[in-house]
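Remarks on the structure that follows.
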Ligand code: CR1
């Protein structure tokens, strides 16, 4: 308020109100102006990188205007906001998305106007952008899809995360091995705005000082320790076909005491003054590259608290400006915890309310629990966060006390409701009585939230019957709910597969399905239309040809676009079972080799495509990558095999590569051990792009089957309710290996793919160490199902019918539906209608 311009002077401001370009000419002029002024270049000095920069800056100008208006509108409306706290936002590229969502891509793209007129091809310009890769996999990409939907549906929402200087590493494959290269992505990033005036001092270490105030009440003060500064960087998030543009605020860490400590500098201790600064900057330096695995590192805990404390300070500061009573906090603020990573926010809000604002414990706790919702994303035990009590004690002494108090009051209430059940108390205690003691973050998140949700039906049922069973007894079943994941059709259909999106629009009349995905069902009426089917097939073939070109350029392997493309792209993890896939590929290779030249003609040509990163410390995952590459170099050069089988590993799988690969798939693999993949989201992307899937009865595969019909999906393998018994059996020696898998192991051990010692771990895991992921149990059914797929693919007419039918029934899996479910069932928040700016005509 203090900074606003007095009434009399506002006239001048209004006279000079900035407006965005409105036509092709306006775009061109903005582009050239940015080349010549912002970038200090000219037409004699303008390469594709500069064109990308200028094009981004031109669209960014429009975006900022909408963004400012949206933020003003949200402030004036003063309605409830939702804050999505996530350590990961896997955004990918922004330019194409901004052009689409703003609805002005035509201005840059039309032939003989826009970029074309200025000497550039839009496809090449888009390719210049570095992915914003601040995430590992599904969890981070889900957060990005949610931001897109929140803005598109006009919800007043902010994302809060960390501005890592290094995102997920770049993967290189050298001699068949993964090599990690740092991802320094901030050289030129026009999509972020540093807010050097928005900073928060964050405290670490120190001690707690307790005293008694004039009313005899004990007050705790957290004192001493060291301070690090959090600086806000804001990223505009455009909604599709609406002027609403939300904010993603990412925090960066800096030394609190300015550039460096001058005292140390003057006393000649230059190195240590710089070291202090570097130590502070380390907090937001790098994303932890683990997917579904927690390692308990101190720096990770520091990141979590740094981010959570800065975000809450910001949220509370905004609330305080409204001068409302504290009890109204949950009417104004909903905070969603994306997994347990931000769970300290629960403790931090309780600390703010009790220690700093002087509220009574119960009143504060009531506010806290009504504010938070917690989403669980995994049941894998190695991914469930636990932090050691001594570590928290050292880093956050006051928070540890509050955790103990939360636990005490919680256990007292359990004891009252279930008197004498000491086992129950031990089972649900937030503190695990181990050596050292550990804080169970998921339990803290449950106790501190009003709703807990899983991410697909099976997963939400599983958490209620397994890992959180006791909490259902304590809190009742209504606290637990399901929101099945979804994906944004803007990026994952229109951007990734523009021709398919346009073909669909030719049947549905408009691109409105991008706003209401259930409208896809209209294309089922055209399933028999020969021209539609022909174009459908032509688009798939063209997408495959484009991928084939990428494969040639990056791996030197030549693949035939008319072969069946079989794709598995996702993080490499034993539970996702890429090892089963490559064993299956080896089995196919052995069959081809054993066949006579006459029999070989009967094989359906296939290309097996893999992609995905292994966590740098995940030895087994790296071995899997190595085997895939080793098999590729043998199979791809075997004259007996020719085009019947090719095996490629695409390096550095990321969001922009996904946009290339997914539209080119015929069959994709979602083959996790039943009960282990919470949802999966690429399964939805593949089907939406006219690919079929092979999958286990796991995660969202089950709901996909329900929606598209079981004739349109290839399901196989044991069910989740059978897994426990099978594992039990393995441990009691009832494990007879599948004979086809034995053949595969023999081939590996004979050295067919190089030194077999390199792959021994993968074999012993199955043969000698209990086959925890049931590779052998599911192998036969997996191979059989691939034979069924071959047969199905030979009948191209039936295949295309399956694809069209499936796409038409995918409406449920839009992230717009998820966000509406969260808004209604968890956040209790309404969209903020946009009256002011007239939504412009959207040209898709
Ligand atoms: C799950 O493994 C799910 C995403 C998004 C992942 C995946 O099945 O689709 O979350 N979980 O909900 C995860 O990363 C830490 O947990």
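The values are calculated or read from the model by the stated rules, or taken from the named source; none is laboratory data. This structure is a prediction, so every number in the text was calculated from the model and none was measured. Every residue, glycine among them, receives a Cβ derived from its backbone with ideal geometry; neighbour counts consider all protein chains shown.
Please state which one of 355, 362, 339 is over 30 Å from the mean Cα position of the chain (by Cα), in the same structural domain as residue 471 (by TED's automatic domain parsing) and crowded, with 17+ Cβ neighbours inside 10 Å.
On the way: 362 fails: crowded, with 17+ Cβ neighbours inside 10 Å; 339 fails: over 30 Å from the mean Cα position of the chain (by Cα).
Being over 30 Å from the mean Cα position of the chain (by Cα), in the same structural domain as residue 471 (by TED's automatic domain parsing) and crowded, with 17+ Cβ neighbours inside 10 Å holds for just one of 355, 362, 339, which is 355.
Take the stretch 274-312 and flag every residue that is in a loop (DSSP other than H, G, I, E, B) and within 16 Å of the ligand (Cβ to nearest atom). Spell out the reasoning first.
Narrowing the stretch 274-312 to residues in a loop (DSSP other than H, G, I, E, B): 283-285, 287-297.
Hits for the stretch 274-312 are 287, 288, 289, 290, 291, 292, 293, 294, 295, 296, 297.
Considering each residue of the stretch 746-758, count those that are part of a helix (DSSP H, G or I) and in contact (Cβ under 8 Å) with a residue 24 or more places away in the chain, and give that number.
Selection size over the stretch 746-758: 3.
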Exception for residue 157 within (1) in contact with a strand residue (DSSP E or B) (Cβ under 7 Å, 6 or more places away or on another chain); (2) within 16 Å of the ligand (Cβ to nearest atom); (3) closer than 27 Å to residue 514 by Cα falls at (2)
When residue 397 is run through (1) in contact with a helix residue (DSSP H, G or I) (Cβ under 8 Å, 6 or more places away or on another chain); (2) surrounded by 18 or more Cβ atoms within 10 Å (Cβ to Cβ), the failure sits at (1)
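Can you say whether residue 163 is within 30 Å of residue 31 (Cβ to Cβ) and assigned by TED's automatic domain parsing to the domain that holds residue 291, as far as the supplied structure shows? If you could, list the steps in order and put the result at the bottom.
Details: within 30 Å of residue 31 (Cβ to Cβ): yes; assigned by TED's automatic domain parsing to the domain that holds residue 291: yes.
It is true that residue 163 is within 30 Å of residue 31 (Cβ to Cβ) and assigned by TED's automatic domain parsing to the domain that holds residue 291.
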Of these, 822, 772, which one is in the same structural domain as residue 709 (by TED's automatic domain parsing), over 24 Å from residue 524 (Cα atoms) and either modelled with pLDDT of 95 or more or assigned to a loop (DSSP other than H, G, I, E, B) (or both)? 772
Residue 129 vs (1) free of Cβ contacts under 8 Å to residues at least 12 places away in the same chain; (2) buried (at least 19 other Cβ atoms within 10 Å of the Cβ): all pass except (1)
Of everything in the stretch 672-686, what is out of contact with any strand residue (DSSP E or B) (no Cβ under 6 Å at 6 or more places or on another chain) and more than 9 Å from the ligand (Cβ to nearest atom)? Give them in sequence order. 673, 674, 675
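Between 727, 706, which is closer than 30 Å to residue 495 by Cβ, away from the ligand (no atom under 15 Å from the Cβ), in the same structural domain as residue 567 (by TED's automatic domain parsing) and out of contact with any helix residue (DSSP H, G or I) (no Cβ under 7 Å at 6 or more places or on another chain)? Outline the logic, then answer.
Values: 727 fails: closer than 30 Å to residue 495 by Cβ.
None of the other options fit; the residue is 706.
Can we say residue 656 is assigned by TED's automatic domain parsing to the domain that holds residue 750, within 25 Å of residue 803 (Cα to Cα) and outside any loop (DSSP other than H, G, I, E, B)?
Values: assigned by TED's automatic domain parsing to the domain that holds residue 750: yes; within 25 Å of residue 803 (Cα to Cα): yes; outside any loop (DSSP other than H, G, I, E, B): yes.
Against the criterion (assigned by TED's automatic domain parsing to the domain that holds residue 750, within 25 Å of residue 803 (Cα to Cα) and outside any loop (DSSP other than H, G, I, E, B)), residue 656 qualifies.
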What residue, among those in the stretch 364-416 that are assigned to a strand (DSSP E or B) and more than 16 Å from the ligand (Cβ to nearest atom), is nearest to residue 330 (Cα to Cα)? 372
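Yes or no: the stretch 231-242 includes at least one residue that is within 30 Å of residue 64 (Cα to Cα) and without any contact (Cβ under 8 Å) to a residue 12 or more places away in the chain.
Taking the stretch 231-242 and keeping what is within 30 Å of residue 64 (Cα to Cα), we get 231-242.
Those still in the list that are without any contact (Cβ under 8 Å) to a residue 12 or more places away in the chain too: none.
Within the stretch 231-242, not a single residue is within 30 Å of residue 64 (Cα to Cα) and without any contact (Cβ under 8 Å) to a residue 12 or more places away in the chain.
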The helices (runs of 4 or more DSSP H) lying entirely within the stretch 431-483 that contain at least 1 residues which are more than 19 Å from residue 372 (Cα to Cα) and touching a strand residue (DSSP E or B) at 6+ places or on another chain (Cβ under 6 Å) are 457-465
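Being closer than 22 Å to residue 653 by Cβ and touching a helix residue (DSSP H, G or I) at 6+ places or on another chain (Cβ under 9 Å) narrows it down to one residue among 177, 184; which is it?
Working: 184 fails: touching a helix residue (DSSP H, G or I) at 6+ places or on another chain (Cβ under 9 Å).
That would be 177, the only listed residue that is closer than 22 Å to residue 653 by Cβ and touching a helix residue (DSSP H, G or I) at 6+ places or on another chain (Cβ under 9 Å).
Here's the yes/no breakdown for (1) in contact (Cβ under 8 Å) with a residue 40 or more places away in the chain; (2) within 16 Å of the ligand (Cβ to nearest atom); (3) more than 25 Å from the chain's Cα centre (by Cα):
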site	(1), (2), (3)
109	no, no, yes
112	no, no, yes
136	yes, yes, no
144	yes, yes, no
168	yes, yes, no
173	yes, no, no
Out of all the residues in the stretch 617-640, is one or more within 16 Å of the ligand (Cβ to nearest atom) and under 18 Å from the mean Cα position of the chain (by Cα)? no
Taking the stated definitions as given, is residue 513 more than 21 Å from residue 700 (Cα to Cα), over 24 Å from the mean Cα position of the chain (by Cα) and touching a residue at least 24 places away in the same chain (Cβ under 8 Å)? no
Considering the stretch 704-733 alone, what residues qualify as being part of a loop (DSSP other than H, G, I, E, B) and under 12 Å from residue 776 (Cα atoms)? 717, 718
If you go through 466, 484, 554, 488, the only one that is away from the ligand (no atom under 16 Å from the Cβ) and either out of contact with any helix residue (DSSP H, G or I) (no Cβ under 6 Å at 6 or more places or on another chain) or in contact (Cβ under 8 Å) with a residue 12 or more places away in the chain (or both) is 554
Can you find, within the stretch 576-610, the residue that is farthest from the chain's Cα centre (by Cα) among those that are outside any helix (DSSP H, G or I) and surrounded by fewer than 23 Cβ atoms within 10 Å (Cβ to Cβ)? 596
If only one of 416, 422, 440, 427 is closer than 15 Å to residue 470 by Cβ and either without any contact (Cβ under 8 Å) to a residue 40 or more places away in the chain or in the same structural domain as residue 574 (by TED's automatic domain parsing) (or both), which one is it? 422
Quick one: count up the residues across the stretch 99-113 that are part of a helix (DSSP H, G or I) and over 17 Å from residue 51 (Cβ atoms). 4
Residues in the stretch 695-703: is at least one assigned to a strand (DSSP E or B), modelled with pLDDT of 95 or more and either within 16 Å of the ligand (Cβ to nearest atom) or crowded, with 22+ Cβ neighbours inside 10 Å (or both)? yes
